[in-house]
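Below: one structure, written as structure tokens.
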Amino acid sequence: MHDPVLLVIAHGSRDPRHAATVPALVRRVRSQRPGLRVSTAFLDFNAPSVPQVLERMANDGVRDVVALPLLLTRAFHAKTDIPSVLDEARVRHPRLRIVQAEVLGPSPLLLDAVERRLYEAGLDPADKRSTGVVLASAGSSDPEAIAVIAEMARELRHTGWCAVRPAFASAALPRTEDAVRALRAEGVRRVAVAPYVIAPGRLPDRIADGAGCAGADVLADVLGASPELARLLIQRFDESRAAARLPRLPLRARTPTRAAVRATGA
């Protein structure tokens, strides 16, 4: 097995909705890139673990792995937890070449996914000028991660929404409800909350609670197994494979263009 394998590393959660979202996203990746071998592992709470999957790959004769953190920002897990686990695996399996890919954000594809969820929640492009958006993330104590969320909020604002404010479910301020109230105080007529998180769980529930108690008009869904997120996983895989000069996969099927994805919803 000489083709590089994509290993999607999720954090894991006690919430079963999290564990269900990850394989759904992986199925979407496979549908967009037939022939790409994709495996999933979790840092905590869910099985299989990262060491278990990498050991299985080594025993199966896999040579090259692109380990992709299923994370939106570079914070503790991307900077410490995952590199530590991968370093241990490199020592244990010296014939297995493991390349850690960049985290998913920032990326225009994530903004596309956020807007998709807002439109699915009942808005349309004509609502942008009268709608303020709270871009609500899980939160982090890492300044780099906080800065990325703020930058994503600015980029979302540039797509035409009348106002966009970042918010956080933990570790940083403002909270979702405070950001909703701040937009109301500025005279924004309609306020939508867009969870900037991948899967359901405790912190997304906190975002939803904040939206509800502050009277937000629209609450979008989490990013989940959106076609844009799947495309981004493939993009990060291709970038890492090229940078590390890993063997090129046979072109069994091309990744759909952004326009094609939007048209088909695939």
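Along its principal axes, the stretch 1-158 has C-alpha extents of 57, 35, 28 angstrom, given from the largest down.
On a 0 to 90 degree scale, rounded to 10, what angle separates helix 202-213 from the longest Cα axis of the chain? The answer is roughly 10 degrees. Among the chymotrypsin sites (Phe, Trp or Tyr not before Pro) in the stretch 1-99, those located in a DSSP loop and surrounded by at most 15 other Cβ atoms within 10 Å of their own Cβ are Phe45.
All C-alpha to C-alpha distances of the stretch 1-74, sorted into 10 Å bins beginning at zero, yield P(r) values of 19, 51, 28, 2 percent in whole numbers.
May I ask you to compute the full-extension gain from Asp209 to Glu55, defined as 0.36 nm times their residue separation minus their alpha-carbon distance, rounded to one decimal in nm?
Full-extension gain reported as 51.3 nm.
Computed with a 1.4 Å probe over protein heavy atoms only, the accessible surface of the chain comes to 45 Å² per residue.
The stretch 82-121 and the stretch 1-64 have Cα centres separated by 11 Å.
The ellipsoid equivalent to the alpha-carbon distribution of the stretch 179-240 has semi-axes of 29, 14, 9 angstrom, derived from the gyration tensor eigenvalues as √(5λ) and listed largest first.
For Leu156, neighbours were defined as the other residues whose beta-carbon sits under 15 Å from its Cβ, and their charges (Lys and Arg +1, Asp and Glu -1) total +1.
For Val193, the residues whose modelled amide H falls within less than 5 Å of its own, excluding neighbours fewer than 5 places apart on the same chain, are Val134, Val218, Leu219, Ala220. With q set to 0.13, 0.20 Å⁻¹, the log10 of I(q)/I(0) for the stretch 76-180, from the Debye formula over equal scatterers at the Cα positions, is -0.59, -1.03. Against the main long axis of the alpha-carbon atoms of the chain, helix 82-92 sits at an angle near 10°. With helices as the sole contributors, the chain gives -13000 deg cm²/dmol at 222 nm; each DSSP H run of n ≥ 4 counts as -39500 (n - 2.57), and the sum is divided by every residue.
For the stretch 229-236, 3J(HN,Hα) computed residue by residue from phi via the Karplus equation (6.51, -1.76, 1.60; θ = phi - 60°) reads 5, 4, 4, 5, 4, 5, 4, 5 Hz, glycine and proline entered as x. Other residues with beta-carbon under 14 Å from the beta-carbon of Glu144 carry, at +1 per Lys or Arg and -1 per Asp or Glu, a net charge of -1. Residues with beta-carbon under 11 Å from that of Arg63, excluding Arg63: net charge, scoring Lys, Arg +1 and Asp, Glu -1? Charge balance in the 11 Å sphere: -1.
For Val164, the residues whose modelled amide H falls within less than 5 Å of its own, excluding neighbours fewer than 5 places apart on the same chain, are Val133.
Rolling a 1.4 Å probe over the protein heavy atoms of the chain, with every protein chain left in place, gives an accessible area that is 51 percent carbon and sulfur. Rounded to whole Å, the principal axis extents of the Cα atoms in the chain read 61, 37, 30, largest first. Potential lengthening of the chain between Arg184 and Arg92 amounts to 27.6 nm, from the contour at 0.36 nm per residue minus the alpha-carbon distance. Scanning residues 5 or more positions from Ala169 or on other chains, those with amide H under 5 Å from its amide H are Ser137, Ala138, Gly139, with H placed 1.01 Å from N in the peptide plane. Along its three principal directions, the equivalent ellipsoid of the stretch 124-223 from the Cα gyration tensor extends over semi-axes of 19, 15, 12 Å, largest first. What's the angle, to the nearest 10 degrees (0 to 90), between helix 16-32's Cα axis and the longest principal axis of the chain? The two axes meet at around 70 degrees.
The values are calculated or read from the model by the stated rules, or taken from the named source; none is laboratory data. Bear in mind the structure is a predicted one, so any value in this text is a computation, not a measurement. With ideal geometry, Cβ positions are generated from the backbone for all residues, glycine too; neighbour counts draw on all protein chains shown. Side chains included, ligands, DNA and RNA excluded: accessible areas come from the protein's heavy atoms. Shrake-Rupley method; radii C 1.70, N 1.55, O 1.52, S 1.80 Å.
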